[in-house]
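These notes concern the structure reproduced below.
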Amino acid sequence: TGADPRKLLTDTAAILMHRPYEKMPMAALGVAWVWAHVVENDRAALESACLAADVSWESLVAELAVADRLRDRVRDSVEYDPLARATAVAKHAMTSETFVQQVRSSTAFGRKAVRELGNLYTASLPAWIAAALADAHARDLQWADRELLLIGYGSGDAAEVWPVRVVDDWRDAAARIDVESPFAGAIELDRADYEALHDRRAPACEMPRPQPFAIAGVGRRYDAGWQDAGIEHYEVV
């Protein structure tokens, strides 16, 4: 867009991202922060982080200038890290007062709620958007016409960034977002119960059955007389 990428990260009401787990958005933002300063040749801002990471400015710039496709680089070694230097510098840059106050603080909205969601995959970013808007409404924040930064990425070698603007009547919609109700009646699992469910075994604790229908079992037969392999069998609860 020609805009200063540093301002995309600092001049925004909130930064909302794909978040399969708590730490990944921060790790991604840290690298984005480093990249933004390299693009603008802001060497002074990263000087202490580069020194702490023992990474020279020249080698950092060279790493981020590589335009090769990731899949071409991993053919020889799946352990290849395309952003080893940037990640090392980011770990130190993320502790700076500027990053904490101007970037990390922008990820606070709705974060408490989305911590409970786990990995929602393609629903992850929309869920955080909803939680952030509900949180901002509860805090009575003035978000009308403010800009939000949305960042989506996945398992590939690309990401998308969308600067979006909040509409004037956003409060009407935000007031209808119900973040808390889905967590009502949550079941606390210990490690043994979690591992049992993960391994498709019945846990020791009694699990509530969904209503009005529940899965009674999954078919296993596949022969001339009957074929139901992989098909769920339902029963009325």
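Just so it is clear, none of the values below were taken in a lab; they were calculated from the coordinates. Given the structure is predicted, the values throughout are model-derived calculations rather than measurements. With ideal geometry, Cβ positions are generated from the backbone for all residues, glycine too; neighbour counts draw on all protein chains shown.
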For this session: Determine, from the Cβ-Cβ distance of Arg209 and Met26 and an R0 of 41 Å, the FRET efficiency 1/(1 + (r/R0)^6), rounded to the nearest 0.05.
Result: 0.60
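Within segment 107-153, list the trypsin sites (Lys or Arg not before Pro) lying in a DSSP loop whose Cβ has at most 14 other Cβ atoms in a 10 Å radius. Intermediate results must be reported in sequence, preceding the final value.
Values: sites: Arg111, Lys112, Arg115, Arg139, Arg146; in loops: Arg115, Arg139, Arg146.
Passing both the DSSP loop test and the Cβ count: Arg115, Arg139.
Nearest 500 deg cm²/dmol is fine: what mean residue ellipticity at 222 nm does the chain get from its DSSP H runs of n ≥ 4 alone, each adding -39,500 (n - 2.57), divided by its residue count? Present the calculation step by step, with values, prior to reporting the outcome.
On the way: 11 runs with 95 residues, N = 237.
After summing the helix terms and dividing by the residues of the chain, the value is -11000 deg cm²/dmol.
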Problem set entry | Spin-label pair Tyr80/Ala216, simplified geometry with 7 Å Cα→Cβ offset, distance in nm | 5.4
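Arranged by the count of other C-beta atoms within 10 angstrom, fewest first, what order do Met26, Met207, Met17 take?
Numbers: Met26 16, Met207 11, Met17 22.
By the 10 Å Cβ count, ascending: Met207, Met26, Met17.
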Seminar exercise, completed: Within the chain, excluding any GluC sites (Glu not before Pro) found in a DSSP loop (not H, G, I, E or B) and having at most 16 other Cβ atoms within 10 Å, the longest uninterrupted segment runs 117-179
Problem set entry | Spacing of the two label points (7 Å from each Cα toward its C-beta) at Val164 and Ser56, in nm | 4.4
For this session: May I ask for the angle, rounded to the nearest 10°, between helix 43-53 and the longest principal axis of the chain, with both axes built from Cα atoms and the value confined to 0 to 90°?
Result: 60
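If I stretch the segment between Ala202 and Ile231 completely, what's the gain in nm (0.36 nm per residue apart, minus their alpha carbon distance), one decimal? Don't skip to the end; give the middle numbers.
On the way: separation 29, 0.36 × 29 = 10.44 nm, distance 1.88 nm.
Contour length minus Cα-Cα distance gives 8.6 nm.
Within segment 1-63, which chymotrypsin sites (Phe, Trp or Tyr not before Pro) sit in a loop by DSSP and count at most 14 neighbouring Cβ atoms inside 10 Å? Write down the numbers at each step before the final one.
Numbers: sites: Tyr21, Trp33, Trp35, Trp57; in loops: Tyr21.
Within segment 1-63, the qualifying chymotrypsin sites (Phe, Trp or Tyr not before Pro) (loop, at most 14 other Cβ atoms within 10 Å) are Tyr21.
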Exercise. For the pair Ile187 and Ala224, what calculated FRET efficiency results from E = 1/(1 + (r/R0)^6), where r is the Cβ-Cβ distance and R0 = 45 Å, to the nearest 0.05?
Worked result: 0.60
